1. Tally time: how many residues in segment B:172-203 are crowded, with 17+ Cβ neighbours inside 10 Å and under 24 Å from B:Ser139 (Cα atoms)?
2. Do we have B:Ala169 as buried (at least 24 other Cβ atoms within 10 Å of the Cβ), at pLDDT 95 or above and part of a strand (DSSP E or B) here?
3. Among residues belonging to segment C:57-92 that are within 16 Å of the ligand (Cβ to nearest atom) and in contact with a helix residue (DSSP H, G or I) (Cβ under 6 Å, 6 or more places away or on another chain), point out the one that is farthest from B:Ala70 (Cα to Cα).
4. Go through segment B:361-386 and give me each residue that's farther than 17 Å from B:Gln266 by Cβ and among the polar types (S, T, N, Q).
5. Which number in (1) out of contact with any helix residue (DSSP H, G or I) (no Cβ under 9 Å at 6 or more places or on another chain); (2) open to solvent by 10 Å² or more (accessible area, probe 1.4 Å) marks the one condition that A:His246 misses?
6. Against the condition open to solvent by less than 10 Å² (accessible area, probe 1.4 Å) and either aromatic (Phe, Trp, Tyr) or more than 8 Å from every other protein chain (Cβ to nearest Cβ) (or both), how does A:Ala85 come out, does it pass?
7. Could you say whether any residue in segment A:180-193 is farther than 27 Å from A:Ser25 by Cβ, in contact with a Phe, Trp or Tyr (Cβ under 9 Å, 6 or more places away or on another chain), open to solvent by less than 10 Å² (accessible area, probe 1.4 Å) and assigned to a strand (DSSP E or B)?
8. Identify the single condition in (1) more than 10 Å from the ligand (Cβ to nearest atom); (2) within 16 Å of the chain's Cα centre (by Cα); (3) not basic (Lys, Arg) that C:Leu54 does not satisfy, given that it satisfies every other one.
Amino acid sequence: MRVAVIGVGQIPAETCKRDVFSDQSALISKAALADAALDIGQINNVVAGEYDLVTGRTAEHMYTIPSAGGYLKDEIRINDDGLFALAQAYMGIMAGEFETTLVLSTGISSEGPQELITNMRLAPFYHRQLGLHEKLANGMQALQYRERYGVTMKQSAKVAVKNRKNAVRNGYAHLQQEVTEEEVMKSEFDCWPLRVLERAPWSDGGCAVVLASESFARRVCLHPVWITGLGWSNETYYLEDKDLTHLTATKHAAQRAYKMAGINNAVKDIDVAEIYDVTTYHELMAYEALGFCKEGEAGHLIDEGFTQMNGDLPVNPSGGVLSSNPLSASGLSRFVECVLQLREQAQDHQIKNACTGLAHCITGYGAQRSCVAIVRR
Amino acid sequence: MKRAAIVGVGQTKFVSRHRDLIHPELTFEASRAALEDAKLSIDNVDALTMGVMDPFDGVDCCDRWICGAAGGYNKPVIRINTAGATGMSAAIAAYEQVASGMFEIVMAVSEQRVSEPVDAQSLLNTCTCPYHERAMGGSAISLGAVPATRHMYKYGSTHEQRALSAVKAHKHGMNNPYAHLRFEVTVQDVLNSMIVEWPLRLLDCCPRSDGAVAVIFASEDVAKTITDRPAWVNGAVSIADGPFFGDRPDVSYRAALAVAARRLYQKCGIKNPLKDIDVAELYIPFTSLELIQTEAYGFCDEGKGGELLEEGTTWMGGELPINPSGGVLCTNCIGATAELRVAEAALQVMGKGGLRQVPNVETALASGLGGMLQFHTLMMLGSEPR
Amino acid sequence: MATKDNKDEYIIVEQTWNVPFRHYAGEITSRYLKEFRDNKKIMGRRCPKCKRVLIPARKNCERCFTETDEWIEVNDEGKLVTFSINCIKYVGMPDPPYIMGLIRLDGADTDILHYIKGIDLSDVDKAGRELKIGTRMKAVWKEVRVGNVTDIDYFMPTV
Ligand SMILES: [Zn+2]
């Protein structure tokens with residue numbers, strides 16, 4: 001038994017959607033259902049991947065799930081990125097509980113102060129009162145990684161230039177202007193050593209995926225995309241207690257996903273990767289954790305153009321999180337983009353002959369959690 | 001597709017304030033207790049699901065902080081939050097993870113330190129829609145009070161009948177060493193207690209409790225090597241209603257519940273719930289919700305929930321005892337409460353209920369409610385696999 | 001008269017969460033913070049299995065799924081592991097620029113998170129480049145201490 005992706009949908013990412021956030025859920029759901037050519041009545045289960053507090057609500061799925069069509073259906077909300085919701089949805093189908101599932105992430109970042117909200121995620125006894133937020137932790141992680149392996153600012157800038165260039169060809173991307181290495185290296189500091197153009201913006205957007213059991217998919221879909229690998233992992237919450245220069249959770253997640261998908265050589269076996277580049281350095285660290293190169297060698301990979309659109313293993317043809325960051329949907333968007341690539345529907349940012357795609361996300365301080373999904377056509 | 005069963009259950013003592021143990025320390029206690037119950041080590045656990053409602057702990061994405069102590073270090077962890085149903089959703093997620101064949105052993109851990117906010121109701125108000133309902137001061141108590149008034153009007157149920165729900169819960173709770181409130185009350189005590197939100201009085205309502213619970217799920221092959229008497233998961237369903245309280249007049253207070261129950265009974269081959277089910281652990285934070293749930297689940301006819309309480313059917317020794325543990329009216333640790341229902345139902349099937357054990361339990365029902373009566377979850381456990 | 005139908009106008013509903021919390025710190029964390037307040041000491045907890053001394057003091061070692069069982073005093077000096085300098089004003093966060101760092105205290109097996117001061121931040125980039133990982137840092141304690149991690153005012157270079 002396998003699980004197929006029979007529909008994907010997204011809405012354009014932008015600075016601020018002015019319609020009610022749960023109305024976005026309806027748009028996202030409709031887009032995915034239309035893509036799958038299904039009626040909402042054919043959906044058995046709705047799985048949301050969404051946070052509390054991000055839109056100033058407790059239990060925001062109280063609004064998004066009904067708007068997406070969840071009325072009187074099975075439902076569950078994963079309080080993390082939508083890529084984790086996809087993993088749970090996959091298991092619900094494999095368990096024989098459902099034939100079809102709608103996975104939904106409504107990513108609205110504009111309604112609240114997200115830095116303060118990430119500060120609210122800290123333990124009240126040791127961390128909260130110290131003015132830490134996730135961007136600052138990303139800065140600490142970037143510095144440590146850079147110093148450990150001698151990664152240069154130019155190499156970091158190349159990641160931003162690549163992804164922002166790709167985003168120009170993606171109509172759903174939030175930031176659609178190219179940037180130069182010079183501009184990146186001269187942009188304002190956010191959390192030193194990170195500059196504004198080296199880290200993700202906040203965006204409003206979202207996406208949804210329709211999954212189906214193999215037998216159902218065969219009936220309704222000519223060319224389904226298959227989920228062949230899934231892995232996720234969690235390392236320590238304590239920044240004090242880990243080596244920030246490695247994305248350990250990603251490494252473990254990838255090992256699990258590769259084993260399940262039978263991938264022995266990531267570089268050879270994967271045709272396109274969508275990586276959670278919350279900063280340029282995180283994209284580089286992910287190359288290493290995902291086994292695209294050895295530890296500390298990611299800088300060379302970007303120098304060689306290996307991950308460019310026309311490189312051996314294109315990374316983030318969509319423009320990545322550096323171009324669009326609809327919080328909670330940013331990881332699931334990576335998955336949606338992989339599916340579009342495999343179906344050759346990525347339009348202007350399509351790469352050639354992609355058979356196997358990898359979608360990746362990290363969440364939490366110091367990339368505490370990670371999920372990796374492998375899809376094949 | 002694999003069968004799955006519960007092989008271990010652990011819980012902390014529930015109290016109004018765990019001064020000695022902070023959030024992660026509570027999850028560790030629950031995990032350790034569940035592992036001891038199943039005679040497993042943490043290395044045997046393949047993955048975890050975590051249930052917690054952030055705002056009550058005063059930490060957003062609180063699971064990230066507490067999951068390490070729960071045993072989630074370098075393991076797959078998926079975090080669930082479906083409001084009041086959170087704990088049961090975490091259990092359902094863990095069940096699916098095992099039943100899918102992805103993992104052999106998965107532990108669901110839910111924690112809540114409800115004592116953190118100075119006033120929990122102002123937090124519950126943040127659940128309501130900021131455009132339409134938040135300004136009205138709606139809180140969790142409203143979801144018990146508003147249907148109570150309507151039920152009295154429509155079916156003629158009485159304050160005295162509702163009070164019996166509290167009398168029963170507290171009587172049962174005396175048998176449960178983990179329960180938070182352990183005292184008996186009379187109908188008169190309930191009727192004399194202060195009005196919280198009319199018609200609900202203090203003893204119509206649940207307390208706020210600190211604590212954690214862990215339940216271990218295992219695949220069929222593995223379960224048989226762990227225990228001779230696991231609690232088989234014979235069915236699990238969840239259901240979503242709309243978010244607006246105003247969309248749910250009259251019987252619709254229980255419409256989604258009734259639909260969910262029908263689906264579950266179909267899955268498990270239950271024809272006559274009152275006869276076929278031996279014990280139920282239901283999410284009853286307010287006495288009015290006992291009437292609504294027993295009717296929705298088909299334990300009695302529409303509007304007859306009050307009579308069912310009077311007849312003694314759902315008391316210990318009755319045909320279908322509800323909440324031998326004392327239930328939510330004795331212990332409410334919000335995000336963990338619904339998982340506690342699964343844990344207690346499992347204990348009944350496994351014959352580990354101690355003083356609160358109902359004799360010869362073959363089939364046990366657990367329920368969870370979340371949102372403004374919006375998200376419902378049900379799980380059926382059995383001594384034999386379906 | 002009918003109001004002008006201005007389709008471009010959207011109502012913004014403003015809301016602020018203002019919910020007070022009281023977090024009881026439990027047995028272990030209370031002792032950790034009382035040592036800050038009463039003795040200007042940083043006490044870690046040792047794990048009986050992996051033998052690591054954990055800062056902040058924790059009751060559980062998550063790597064070993066066990067309870068820590070021993071208080072070990074660590075130095076209030078150590079080496080800078082990494083840092084970042086916040087340069088933009090964010091809602092609810094301190095005024096920039098400020099430095100957040102991780103310091104490995106002598107005698108501890110994990111770091112401590114804290115502010116770093118005593119660095120001229122008039123040119124942030126220069127400050128960042130000159131502040132080297134590995135620099136020796138020392139805690140500066142407040143005169144009035146209340147049992148909070150901010151009883152340490154900040155860490156600063158020892159030279
Ligand atoms: Zn240890």
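1. 10
2. Criteria not met by B:Ala169.
3. Ranking the candidates gives C:Ala57 first.
4. Once the filter is applied, which keeps residues that are farther than 17 Å from B:Gln266 by Cβ and among the polar types (S, T, N, Q), segment B:361-386 yields B:Gln374, B:Ser383.
5. Just one mismatch for A:His246, condition (1).
6. Here the answer is yes, as A:Ala85 does meet what is asked.
7. yes
8. (1)
The values are calculated or read from the model by the stated rules, or taken from the named source; none is laboratory data. Everything numeric here is computed off the predicted structure, so don't read it as measured data. Glycine also receives a Cβ, built like all others from the backbone with ideal geometry; neighbour counts cover every protein chain displayed. Note: accessible area is taken over every heavy atom of the protein model, side chains too, but ligands, DNA and RNA are not part of it. Shrake-Rupley method; radii C 1.70, N 1.55, O 1.52, S 1.80 Å.
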